[in-house]
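Novice: Here you go, one structure.
The values are calculated or read from the model by the stated rules, or taken from the named source; none is laboratory data. Remember, it's a predicted structure, so these values are computed and weren't measured experimentally. Here the Cβ positions follow ideal geometry from the backbone for every residue, glycine too, while neighbour counts run over all protein chains shown.
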Amino acid sequence: MSQPASSPLLASLLDAPLPPSSGVAWLDAARRENRASFAAGGLPDTRVEAWKYTPLRALGQRPFASGDAAAGARAVDPSILALPGVDGPRLVFVNGVFRADLSALDALPAGLTLQPLSQALEGDAQPLRFALSRHYREIGDAFARINAASAVDGVVLRVAAGTRLAVPVQLVFVGAAAEADLAWHARNVIELGEGAGLTLIEQHAASGEQAHLATLVGDIEVGEGARLQHVVLQDAAVGASLVRRSSLRLHARAQAGLHVLELGGALVRHDIRAELVGDDARLDTRGVFMPHGRQHIDTQLAIRHQALNTVSSSNWRGVASDRARGVFRGAIVVAPGADGSDASLGNKNLLLSPGAEIDTKPELEIYADEVKAAHGATVGQLDERALFYLRSRGIALAPARALLTGAFCRAVLDDLPNEALRDHLAALLIAQLPMAAEQPS
Amino acid sequence: MLKIENLHARVEGREILKGLSLSVDAGEVHAIMGPNGAGKSTLGNVLAGRDGYEVTAGSVTYNDIDLLSLAPEARAAAGVFLAFQYPVEIPGVNNTYFLRAALNAQRKVRGESELDSMQFLKLVREKLKVMHISDELLHRAVNAGFSGGEKKRNEIFQMAVLQPQLAILDETDSGLDIDALKQVAEGVNALRSPARSFLMITHYQRLLDYVVPDFVHVLADGRIVESGDKSLALKLEEHGYAGIGESHPAGAAA
Ligand SMILES: Nc1ncnc2c1ncn2[C@@H]1O[C@H](COP(=O)(O)OP(=O)(O)OP(=O)(O)O)[C@@H](O)[C@H]1O
Ligand SMILES: [Mg+2]
């Protein structure tokens, strides 16, 4: 089921030396193991169910250089870091390398630990052992394997029990133009203690044209009664390949709200795996993916209800134009014993061009009692009646389409509390539309 | 101002309008009545330019131009307004934003200057008062979650802001309580002027008590089968459509 180990991607990544010893025996062992699995398994092909709609053949044909020695000195336009309504601690990585000069880590609020993984490992690595000693066993985990083998930096973020942070924390991953196509990696570990509160802004940004391959793996632990607002703005370079995995665990009465905007990148894959492990936990996910040109954006959302009276509500929208392709898989499992759970999942999609394609697949498996569940997915065009209504009032066809499409995507931002950020993100969505210039003024 | 001659139109391959003729002069109010399914809304849709309504014969001349050759938005800019029988809900599009975009789009086509948000707000405030509409509706999405009556009022409010020359009101009175009916009628009367004409599609004499028409027509089976003054509406109220248009061989309607 794997590509030959001689594929240029594999060969180039395996040619690179192992990262220097971390000085932590279990971590070095985990890196070696995952690297060996990556070498043996290679990349999944489309016969692997989770990769059915995302072929990696072309990616596999490309070699990538490992590590960017010049990352510390690459110029980054500071304006790409600025977000309205977001002015707090910030951690910035360029091509996977921590950049203190671009970060804002002075005077961190009490109760917040925020540091690059490379620094955290210099201290007591033991608290990271659970997250970082994992061995990825499935071939579909190829990118998690290479990430575990190669990532030497990333984010360590902890919010102490009872601390509700007033300011948002911003994490920025910049892909910067370099002399060669790079493979870079980041590993993030985020923990909210009991009753903690955090707003997290995760940004994937581009500085110059490039076609790097980036992998990001993150674990997010939301403690009992804790509250997380997580906003992801993915606006990577048009040539970039970006493969991310975010794993969330919600403990009793924890609440997490996730808003994801997938705008950039050439080949983008995001696996979101959420487990509601404590009673009365609640997860709300909202997202929009807007591939255009020849972009390929794949979101795999998997939610497991594992405790009593857990709630999940997911609302995702896709808009594809030109020859772009969107993929969405929303899989909900209500495990035995998760009685009284309530799960809803919706994915509506718009195709703006005849050459565009969106594959959507909602899945629902229920093994518990007294469960409320609803799921649905649609792929279609704009509502003709609404278009005629707008035109009958004088708005021409192109701006009428732009208006309706903008409203369609913006809906996923409705319940984002930060108004300045919401307006900014809405403007980004509109600007991304192929008919952006047609918006009525 | 409007001259419809021998109009034939089909929807999904079925002929609905079958040789309809009607003339409306500037400043006139014409009421159009007729049984369900006769083609009244179809006429409104054809005049406003909705896709899927295929005109197979006949002509529509509006201020000396061939109305049927224009796109819907061009008709709007030329002063044609259709108040929908079933106004469409458009979630996510703010009512005020929508209306300003519409007005400015029309003004641009006509070579008039666009209104900035202050000027627009002033205009809207004036019209709200006339229409007895609460500010709150303005901040909501277009028709989204509006009650039936609120939707109808919103149509008339849009008409008041857009100031059309030819307003086609498709059963704007249906589903209104008696107070709302009076307010809508008041709104229409406030807009009556020597330069503005109305086609009012209705099933009820009641509206015509408040907005007194110059002419009343009966549309049955795709054509105008009888025309008269407001007394025709009273006659219909009493006797129904039986026996109307007997002089027309194809005009008899249930
Ligand atoms: N889009 C459409 N698709 C199919 N049939 C249609 C469509 N629009 C109208 N029709 C048909 O055309 C006929 C006339 O419809 P229309 O809506 O014009 O009637 P009406 O006179 O407005 O009736 P009512 O008084 O009930 O509103 C009806 O038989 C209707 O089913
Ligand atoms: Mg009708």
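Novice: Which number in (1) surrounded by fewer than 22 Cβ atoms within 10 Å (Cβ to Cβ); (2) more than 16 Å from ligand 2 (Cβ to nearest atom) marks the one condition that B:Glu171 misses?
Specialist: (2)
Novice: So, in region B:137-168, of the ones that are in contact with a Leu (Cβ under 7 Å, 6 or more places away or on another chain) and of a type in the set (Gly, Ala, Ser), which residue ends up farthest from ligand 2 (Cβ to nearest atom)?
Specialist: Going through the qualifying residues, I end up with B:Ala160.
Novice: Also, quick follow-up: Got a sec? Which strands (runs of 3 or more DSSP E) wholly within region A:329-441 have at least 1 residues that are under 26 Å from the mean Cα position of the chain (by Cα) and surrounded by fewer than 16 Cβ atoms within 10 Å (Cβ to Cβ)? Before you say what the answer is, go through the steps one by one.
Specialist: Values: elements: A:342-351, A:357-366, A:372-380.
The qualifying strands (runs of 3 or more DSSP E) are A:357-366, A:372-380.
Novice: Something else now. Of (1) near ligand 1 (Cβ under 10 Å from one of its atoms); (2) surrounded by fewer than 22 Cβ atoms within 10 Å (Cβ to Cβ); (3) within 14 Å of chain A (Cβ to nearest Cβ); (4) in contact (Cβ under 8 Å) with a residue 40 or more places away in the chain, B:Glu89 satisfies all except one. Which?
Specialist: The failed condition is (1).
Novice: Right, next: If B:His203 meets every condition in (1) within 16 Å of ligand 2 (Cβ to nearest atom); (2) within 14 Å of another protein chain (Cβ to nearest Cβ); (3) in a loop (DSSP other than H, G, I, E, B) apart from one, which number is that one?
Specialist: Only one criterion is unmet by B:His203, namely (2).
Novice: Hey, another quick one. Among the residues of region A:234-281, which ones are more than 15 Å from A:Ala302 (Cα to Cα), in contact with a helix residue (DSSP H, G or I) (Cβ under 8 Å, 6 or more places away or on another chain) and part of a strand (DSSP E or B)?
Specialist: A:Ser241, A:Val243, A:His259, A:Leu261, A:Leu267
Novice: Now for a separate question. Only one of B:Ser197, B:Ser113, B:Ser117, B:Ser134 is at pLDDT 95 or above and either over 17 Å from the mean Cα position of the chain (by Cα) or within 16 Å of ligand 2 (Cβ to nearest atom) (or both). Can you tell me which?
Specialist: One residue alone meets the criteria, B:Ser113.
Novice: Are any of the residues in region B:49-66 free of Cβ contacts under 8 Å to residues at least 24 places away in the same chain and within 14 Å of chain A (Cβ to nearest Cβ)?
Specialist: yes
Novice: To continue, here is another question. Looking at B:Ala74, B:Ala102 in this structure, which one is touching a residue at least 40 places away in the same chain (Cβ under 8 Å), in a helix (DSSP H, G or I) and away from ligand 2 (no atom under 16 Å from the Cβ)?
Specialist: None of the others qualify; the one that does is B:Ala102.
Novice: Another question about this same structure. Mind telling me which of the residues A:Asp124, A:Asp101 ends up being in a loop (DSSP other than H, G, I, E, B) and either surrounded by 23 or more Cβ atoms within 10 Å (Cβ to Cβ) or not small (Gly, Ala, Ser) (or both)? Quick ask: steps written out before the conclusion?
Specialist: On the way: A:Asp101 fails: in a loop (DSSP other than H, G, I, E, B).
Matching residue, one of A:Asp124, A:Asp101: A:Asp124.
Novice: What's the total number of residues in region B:9-32 that are in a strand (DSSP E or B) and near ligand 1 (Cβ under 10 Å from one of its atoms)?
Specialist: 8
Novice: Residue check, B:Pro35 against (1) within 14 Å of chain A (Cβ to nearest Cβ); (2) in a loop (DSSP other than H, G, I, E, B), all met but one. Which one?
Specialist: B:Pro35 satisfies all of (1) within 14 Å of chain A (Cβ to nearest Cβ); (2) in a loop (DSSP other than H, G, I, E, B) except (1).
Novice: Turning to a different aspect of this structure: List the number of the failed condition for B:Gly58; all other conditions in (1) more than 16 Å from ligand 2 (Cβ to nearest atom); (2) more than 28 Å from B:Ala233 (Cα to Cα); (3) not in a helix (DSSP H, G or I) hold.
Specialist: The single condition B:Gly58 does not satisfy is (2).
Novice: Let me ask you something else. Please count how many residues of region A:43-54 are over 16 Å from A:Leu242 (Cβ atoms) and either of a type in the set (A, V, I, L, M, F, W, C) or surrounded by fewer than 19 Cβ atoms within 10 Å (Cβ to Cβ) (or both). Even if it seems obvious, please write down each step before you answer.
Specialist: At the first step, the residues of region A:43-54 found to be over 16 Å from A:Leu242 (Cβ atoms) are A:44-50, A:52-53.
Retained after the next criterion (residues that are either of a type in the set (A, V, I, L, M, F, W, C) or surrounded by fewer than 19 Cβ atoms within 10 Å (Cβ to Cβ) (or both)): A:45-50, A:52.
Result for region A:43-54: 7.
Here is a yes/no grid of residues against (1) more than 14 Å from chain A (Cβ to nearest Cβ); (2) in contact with a Ser or Thr (Cβ under 8 Å, 6 or more places away or on another chain); (3) within 16 Å of ligand 1 (Cβ to nearest atom); (4) not charged (D, E, K, R):
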position: B:Arg192; (1), (2), (3), (4): yes, no, no, no
position: B:Ala195; (1), (2), (3), (4): yes, no, no, yes
position: B:Asp209; (1), (2), (3), (4): yes, no, no, no
position: B:Val212; (1), (2), (3), (4): yes, no, no, yes
position: B:His217; (1), (2), (3), (4): yes, yes, yes, yes
